[in-house]
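*Asks:* Got a structure here, written out as structure tokens. Questions coming.
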Amino acid sequence: MNKTELLNKFSKDPEERIVLARALDQLDRAQNRSIPCATQFLSPAQRAALEPLLAACGHPKHLFHGGYEGAERTVCVFLPDWQEAEDWDAADELSAIECAYPPTGADLTHRDLLGGLMGIGLTRERVGDILVGESAAQIVCLRDAAPIILSQFGQAGRYRLRLREIPLSALAPAPAEVKLIHDTVSTLRLDAVLSCGFSLARGKAADAVTGGRVSLNHRECLKPDKPVGEGDVLTCRGLGKCVVKTVGGQSRKGRIIVEIERYL
């Protein structure tokens, strides 16, 4: 299939098609010039849209990286035939900036910092994860965005910032707060598992799905009866994220035993 046929097959959303088209351009560049080429930052949903397209392209050599293990926003790096993933240096594409602010009384949020970055003219695609701490935040960005941040990003909210570039190895994401849920469900339908993971009535869970508030593995799903399996990620707008860790056998009452990890 050519580029247009691939895009027609894997996406109908205009904005998503632009992201996928740019990724294919980088893939072509890596193959034609025999150099590593990276996309801009992808959201989890954009990555989920790109992965099946790459499978249809024959699984070209690539990797996803966001500056640290477990990053939410990542770039997709296409590697030439001569290069292995372990030989690629993330610092060639990514930078990390530490933004220090007053250690007491500061109430800066992720939204404040992201708004400040957008205010100096950066697009969301050039900024990765923003790790907010008590007295400093760490920002992952594309390497060419680092000089802009260092020279122009002096304030977020009502606080002045002290900026310095740090190595990617210094990034320190806070451990995720999770609650482990051991329960049973009558069926592995999306609405049933969603109800269990977020302590919702089954009907309200189904309404959330049909109302477009729920994603399965970062892709919007409007079918309450969609099957869910071990390892699947469920997100519900306004409630957060949970992961199906294990699916066990049946209880004495014939219900399915599940273990769900809910992110708080």
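The values are calculated or read from the model by the stated rules, or taken from the named source; none is laboratory data. What you are looking at is a predicted structure, and each value in this text was computed from that prediction instead of being measured. Cβ placement follows ideal geometry from the backbone for every residue including glycine, while neighbour counts extend to all protein chains displayed. Accessible surface is based on the protein model in full, side chains and every heavy atom, while ligands, DNA and RNA are left aside. Shrake-Rupley method; radii C 1.70, N 1.55, O 1.52, S 1.80 Å.
*Asks:* Restricting to segment 70-89, what's the tally of residues that are open to solvent by less than 30 Å² (accessible area, probe 1.4 Å), of a type in the set (A, V, I, L, M, F, W, C), within 15 Å of ILE35 (Cα to Cα) and out of contact with any Cys (no Cβ under 7 Å at 6 or more places or on another chain)?
*Replies:* 4
*Asks:* Then there is this: Would you confirm whether or not segment 47-67 contains a residue that is of a type in the set (Lys, Arg), closer than 22 Å to VAL19 by Cβ and either in a strand (DSSP E or B) or open to solvent by 10 Å² or more (accessible area, probe 1.4 Å) (or both)?
*Replies:* yes
*Asks:* Still on this structure, please answer the following. Pick from VAL193, VAL214, VAL178, VAL209: which is under 27 Å from GLN46 (Cβ atoms) and open to solvent by 20 Å² or more (accessible area, probe 1.4 Å)?
*Replies:* VAL178
*Asks:* Separate question: If the requirement is being of a type in the set (Val, Ile, Thr) and farther than 24 Å from GLY240 by Cα, which of these qualifies: ILE166, ILE139, ILE130?
*Replies:* That would be ILE166, the only listed residue that is of a type in the set (Val, Ile, Thr) and farther than 24 Å from GLY240 by Cα.
*Asks:* When the residues of segment 28-46 are narrowed to those that are among the aliphatic types (A, V, I, L, M), in contact with a strand residue (DSSP E or B) (Cβ under 8 Å, 6 or more places away or on another chain) and not in a helix (DSSP H, G or I), which ends up surrounded by the most Cβ atoms within 10 Å (Cβ to Cβ)?
*Replies:* My answer is ALA38.
*Asks:* Right, another one. Being at pLDDT 95 or above, closer than 20 Å to ALA172 by Cα and open to solvent by 40 Å² or more (accessible area, probe 1.4 Å) is the filter here, so list the residues in segment 127-158 that pass it.
*Replies:* The answer is ARG143, LEU150.
*Asks:* With the checklist (1) exposed (fewer than 13 other Cβ atoms within 10 Å of the Cβ); (2) at negative phi; (3) at pLDDT 95 or above in hand, flag the one item GLY231 doesn't pass.
*Replies:* (2)
*Asks:* Same structure, new question: ARG255: touching a Ser or Thr at 6+ places or on another chain (Cβ under 6 Å) and of a type in the set (Lys, Arg), yes or no?
*Replies:* yes
*Asks:* May I pose another question? Quick check on this structure: which one of LEU161, LEU200 is more than 29 Å from THR235 (Cβ to Cβ), surrounded by 14 or more Cβ atoms within 10 Å (Cβ to Cβ), in contact with a helix residue (DSSP H, G or I) (Cβ under 9 Å, 6 or more places away or on another chain) and among the aliphatic types (A, V, I, L, M)?
*Replies:* Within the list LEU161, LEU200, the selection yields LEU161.
*Asks:* Among residues belonging to segment 9-21 that are touching a helix residue (DSSP H, G or I) at 6+ places or on another chain (Cβ under 9 Å) and of a type outside the set (A, V, I, L, M, F, W, C), point out the one that is farthest from LEU54 (Cα to Cα).
*Replies:* Looking at the filtered set, the residue picked out is ASP13.
*Asks:* Let me ask something else about it. Would you say GLU98 is surrounded by 13 or more Cβ atoms within 10 Å (Cβ to Cβ), farther than 30 Å from LEU216 by Cβ, out of contact with any Pro (no Cβ under 9 Å at 6 or more places or on another chain) and of a type in the set (D, E, K, R)?
*Replies:* Judged against the criteria, GLU98 is a match.
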